[in-house]
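Reading through the C-alpha cells given below for one structure.
The values are calculated or read from the model by the stated rules, or taken from the named source; none is laboratory data. This structure is a prediction, so every number in the text was calculated from the model and none was measured. Methodologically, a virtual Cβ is constructed for each residue, glycine included, from the backbone with ideal geometry; neighbour enumeration extends over all protein chains shown. Calculation scope for accessible area: heavy atoms of the full protein, side chains included, ligands and nucleic acids excluded. Shrake-Rupley method; radii C 1.70, N 1.55, O 1.52, S 1.80 Å.
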Amino acid sequence: MDLKTFKASTKKNNPPRGISPCLEAMWYQAKGNWDEAHRIAQSEKSPAGSWVHAFLHRVEGDNGNAAYWYRLAERPVCTSRLDDEWEEIVSALT
C-alpha cells in the first residue's frame, strides 16, 4: 500500500484489513474520528505510536502534550501544516 491507495481508502466505511494500528489511527483521524484514532494511538507503545499520538495532539491543539509525545518518538516538534505531516506519517508507515 502506498500513500495514494491509503488516502483513497479513507473514502470507504472501514479501514483496510491488515494495516498496522498506527495506520489505523491515521485512517480514523482522516475520517474525523479523533477519539478512536487517539484510543488506538494510546495503545501503541512504540516510536511510531508516539509520533501518531503527537500528531493527534497537534490536531487537537494541545501543543504542549504533542511536544511530550514527539520527545518519546525521538522526533522534533513538527511545525508544518497538519495535512503535510499526516502525509509524512502515512508515507513512513506504508
- Query: Among the residues of the range 37-94 satisfying the criterion of being of a type in the set (Asp, Glu) and assigned to a helix (DSSP H, G or I), which is farthest from residue 20 (Cα to Cα)?
  - Reply: 60
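Identify the residue in the range 76-93 that is over 12 Å from the mean Cα position of the chain (by Cα) and of a type in the set (Val, Ile, Thr) and, among all such residues, is surrounded by the most Cβ atoms within 10 Å (Cβ to Cβ). Reasoning before the result, please.
First pass over the range 76-93, keeping only residues over 12 Å from the mean Cα position of the chain (by Cα): 76-81.
Retained after the next criterion (residues that are of a type in the set (Val, Ile, Thr)): 77, 79.
Numbers: 77: 13, 79: 8.
Of everything passing the filter in the range 76-93, 77 is surrounded by the most Cβ atoms within 10 Å (Cβ to Cβ).
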- What is the residue count in the range 1-27 for residues that are aromatic (Phe, Trp, Tyr) and either without any contact (Cβ under 8 Å) to a residue 60 or more places away in the chain or loosely packed, with under 14 Cβ neighbours inside 10 Å (or both)? 1
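In the list 30, 66, 73, which residue meets the criterion of being over 14 Å from residue 92 (Cβ atoms) and either open to solvent by less than 20 Å² (accessible area, probe 1.4 Å) or touching a Leu at 6+ places or on another chain (Cβ under 6 Å) (or both)? Explain how you work it out, then say what you get.
Numbers: 30 fails: either open to solvent by less than 20 Å² (accessible area, probe 1.4 Å) or touching a Leu at 6+ places or on another chain (Cβ under 6 Å) (or both); 73 fails: over 14 Å from residue 92 (Cβ atoms).
Matching residue, one of 30, 66, 73: 66.
Mind counting the residues in the range 45-63 that are open to solvent by 70 Å² or more (accessible area, probe 1.4 Å) and of a type outside the set (Asp, Glu)?
Of the residues in the range 45-63, 3 are open to solvent by 70 Å² or more (accessible area, probe 1.4 Å) and of a type outside the set (Asp, Glu).
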- Tell me, please, whether a residue that is free of Cβ contacts under 8 Å to residues at least 24 places away in the same chain and in contact with an Asp or Glu (Cβ under 9 Å, 6 or more places away or on another chain) can be found in the range 83-94. no
